[in-house]
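Student: Sharing a structure below in structure tokens format, with a few things to ask.
The values are calculated or read from the model by the stated rules, or taken from the named source; none is laboratory data. Predicted model, so just to flag it, every value in this text is computed and none were measured. Cβ atoms come from the backbone with ideal geometry, glycine included; neighbour counts cover every protein chain shown.
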Amino acid sequence: MQTEQYNSKNDLTAIMVIFGGTGDLTHRKLMPALYNLVHDKLIPEHFAVVSIGRRDKTTEEYNDEIFEALQIYSRNKISESCWRKLRERIHYYQFDFTKQQGYEDLKIFLEELDKKMHTGGNRIYYLAVAPEYFETIVQGLHVSKLSQNAKGWNRLIIEKPFGKDLATARKLNDKLIEVFDEKSIYRIDHYLGKEMIQNIMVLRFCNSVFESLWSNKFIDNVQISLNEKHGVGSRGGYYENSGAMRDMVQNHILQILSLVAMEPPVNLKTDSIRTEKLKVIQAIEELTPEALRDHIVFGQYGKGMIDGALVPGYRQEEKVPPDSATETFAALKLYINNFRWAGTPFYIRTGKRLGAKSAEIVIQFKSLPNVLYFKDRHIQEPNLLVIRIQPHVGVFFQFNTKDFSSHHEIMPVKMEASHINDSLGNTPEAYERLLFDILRGDATLFSRWDEVEAAWMVADKIIAYREQKRFSFPNYAAGTMGPIRAFELLAKDGREWWNI
Ligand code: BG6
């Protein structure tokens, strides 16, 4: 990323209007990301942030709160000079976004700010609010003509959940598309901003050793695990209507799956990449009633020990009913029915309150015939390529070699090219990359509508199955790696989850 190259261009100037300026997302993710962009000299000279909130407060008071949040959530230490550069660009603007008149006033405010900050009429409208407000705000922007500001470009940024199912997602999309064109809508999937997710295409398409083996001919199975130690915390209300399928599988996991399995795009343009990703989701084999029964595992955590402390079960969490049937864990076996992948299973798992926090993709290559070295006493360890997303970030590769300390032994060598990255590590946070891309108009790391639509088609069926069948929850204790059936899912196929 070249700072000066972009900073000098006028089309990088903008006002970023954050609806939900006093909310969690803004404090934890957006402002720290903006601060780190200032730190890395990626924020253009002519740039302003207008944070919208209902509460009455001055910009000074607002900035004091942001300053406190930055101390906690920024990956770089806060320096006086960088903070000054960000602070002087932030404006707190009080208004109730459910009232139309407020938009007319906001329009006047933004036009004046444009003149003062030389932001060229470019606007980013970031909806960091609960999804039930998306339509109201977009309508407000439309009626006040804020969305058609002709002097510059207008971009709409929308956080998940994008609908609750295919029908509601379509309805929402129809509303958005009446006001903004598809190219101006940036649907955030923050996993796509993570370094190692962006690295999937580089690893595949820049290494002949991987790409030439990347198919059902050489790959035995693929495992994608997004495991979390956290419970739902204060988000019980949201999670109750979501569950692991809507929260993680429909978006983050299917996006990762599509990057792992896609064909090489014809070039690196946004739509070429998105088109190949879409084809993967469309090729996911339809789940028959038998597949739903045998290839899908749901779980919900009960109380248990995490890092030596007793934690409550999901049903005891705030805003969760004591008989909740929501899944906090899902494991799936999927097949991608295309020429490259037919027959190779993709195992997926994600869950809350698991015994380990890790996000990784394991590519297990097929074993060699059990002759020669593997004939009798040597057990064959498969070649494994592990793409570590977090907390380790990097790549692990396992291959076999001679054990030099003995005469006849074979041993697996584990090559690790990764580093540990906690929130204060040195790897840029996903939101930094995503905000920067929004600013320069690169939508590659955002989901196109047809990708979201195809993902809902897959997820809807699985969610409907969960909803019509009562599972006996809770079925795993906090601090374990999920329900027993999740292990059986692989054991039935003679495989196991890799915990490298
Ligand atoms: C969010 C989910 O999209 O992703 C959360 O709503 C989840 O429930 C989070 O905890 C995980 O993201 P990360 O970046 O912490 O792995």
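Student: Whether any residue in the stretch 100-122 is of a type in the set (D, E, K, R), in contact with a helix residue (DSSP H, G or I) (Cβ under 8 Å, 6 or more places away or on another chain) and under 24 Å from D24 (Cα atoms) is what I want to check.
Tutor: Checked against the condition, which is being of a type in the set (D, E, K, R), in contact with a helix residue (DSSP H, G or I) (Cβ under 8 Å, 6 or more places away or on another chain) and under 24 Å from D24 (Cα atoms), the stretch 100-122 yields no hits at all.
Student: In addition: Can you give me the number of residues within the stretch 301-344 that are in contact with a helix residue (DSSP H, G or I) (Cβ under 7 Å, 6 or more places away or on another chain), within 16 Å of the ligand (Cβ to nearest atom) and hydrophobic (A, V, I, L, M, F, W, C)?
Tutor: 3
Student: Kindly indicate which of V280, V260, V297 is in contact with a Ser or Thr (Cβ under 6 Å, 6 or more places away or on another chain), modelled with pLDDT of 95 or more and away from the ligand (no atom under 16 Å from the Cβ).
Tutor: The unique qualifying residue is V280.
Student: If you don't mind, another one. Can you list the helices (runs of 4 or more DSSP H) found entirely within the stretch 406-500 that contain at least 1 residues being surrounded by fewer than 19 Cβ atoms within 10 Å (Cβ to Cβ) and of a type in the set (S, T, Y)?
Tutor: Once the helices (runs of 4 or more DSSP H) in the stretch 406-500 are filtered for at least 1 residues that are surrounded by fewer than 19 Cβ atoms within 10 Å (Cβ to Cβ) and of a type in the set (S, T, Y), what remains is 449-468.
Student: Name the pairs: first residue in the stretch 343-366 and more than 28 Å from G302 (Cα to Cα) and outside any strand (DSSP E or B), second residue away from the ligand (no atom under 16 Å from the Cβ) and of a type in the set (S, T, N, Q), Cβ to Cβ under 6 Å, at least 6 apart or on different chains?
Tutor: As it stands, the answer is G343/N216; T344/N216, since those pairs meet every condition given.
Student: Among the residues of the stretch 183-214, write down those that are among the hydrophobic types (A, V, I, L, M, F, W, C) and away from the ligand (no atom under 13 Å from the Cβ).
Tutor: Hits for the stretch 183-214 are I185, I200, M201, V202, L203, F205, C206, V209, F210, L213, W214.
Student: Within the stretch 345-383, count every residue that is buried (at least 21 other Cβ atoms within 10 Å of the Cβ) and within 16 Å of the ligand (Cβ to nearest atom).
Tutor: 10
Student: Cβ-Cβ under 6 Å, sequence separation 6+ or interchain: first residue in the stretch 274-297 and without any contact (Cβ under 8 Å) to a residue 24 or more places away in the chain, partner in a loop (DSSP other than H, G, I, E, B). Which pairs?
Tutor: Qualifying pairs under 6 Å: E276/M262; E276/E263; E276/P265.
Student: Okay, moving on. List pairs: first in the stretch 57-81 and under 12 Å from T26 (Cα atoms) and without any contact (Cβ under 8 Å) to a residue 60 or more places away in the chain, second of a type in the set (V, I, T) and assigned to a helix (DSSP H, G or I), Cβ under 9 Å, 6+ apart or cross-chain?
Tutor: Close Cβ pairs satisfying both conditions: I66/T26; A69/T26.
Student: I'd like to know if the stretch 233-251 contains one or more residues that are more than 16 Å from the ligand (Cβ to nearest atom), part of a loop (DSSP other than H, G, I, E, B), loosely packed, with under 15 Cβ neighbours inside 10 Å and not basic (K, R).
Tutor: No: the stretch 233-251 contains no residue that is more than 16 Å from the ligand (Cβ to nearest atom), part of a loop (DSSP other than H, G, I, E, B), loosely packed, with under 15 Cβ neighbours inside 10 Å and not basic (K, R).
Student: Going by the structure shown, is K217 in a loop (DSSP other than H, G, I, E, B) and within 16 Å of the ligand (Cβ to nearest atom)?
Tutor: no
Student: Among the candidates D56, D64, D24, D105, which residue alone is touching a strand residue (DSSP E or B) at 6+ places or on another chain (Cβ under 7 Å) and surrounded by fewer than 15 Cβ atoms within 10 Å (Cβ to Cβ)?
Tutor: Going through D56, D64, D24, D105 in turn, the sole match is D56.
Student: Continuing with this model, one more query. Keeping to the stretch 154-182, report how many residues are touching a Ser or Thr at 6+ places or on another chain (Cβ under 7 Å) and more than 16 Å from the ligand (Cβ to nearest atom).
Tutor: 5
Student: Using the structure shown, decide if H230 is within 16 Å of the ligand (Cβ to nearest atom) and in contact with a Lys or Arg (Cβ under 7 Å, 6 or more places away or on another chain).
Tutor: Yes; evaluated as a whole, the condition is true for this residue.
Student: Right, next: Check off (1) at pLDDT 95 or above; (2) touching an Asp or Glu at 6+ places or on another chain (Cβ under 8 Å) for E65 and give me the number that stays unchecked.
Tutor: (2)
Student: Here is a further query. Being farther than 27 Å from I137 by Cβ and in contact with a strand residue (DSSP E or B) (Cβ under 8 Å, 6 or more places away or on another chain) is true for just one of L226, L176. Which residue is that?
Tutor: L226
Student: Output the residues belonging to the stretch 189-232 that are closer than 21 Å to R353 by Cα and surrounded by fewer than 16 Cβ atoms within 10 Å (Cβ to Cβ).
Tutor: Correct list: H230 only.
Student: Considering each residue of the stretch 384-398, count those that are among the polar types (S, T, N, Q) and within 14 Å of the ligand (Cβ to nearest atom), and give that number.
Tutor: 1
Student: A follow-up question, please. What number of residues in the stretch 468-484 are over 23 Å from the mean Cα position of the chain (by Cα) and either closer than 15 Å to E286 by Cβ or touching a residue at least 12 places away in the same chain (Cβ under 8 Å) (or both)?
Tutor: Of the residues in that region, 11 qualify.
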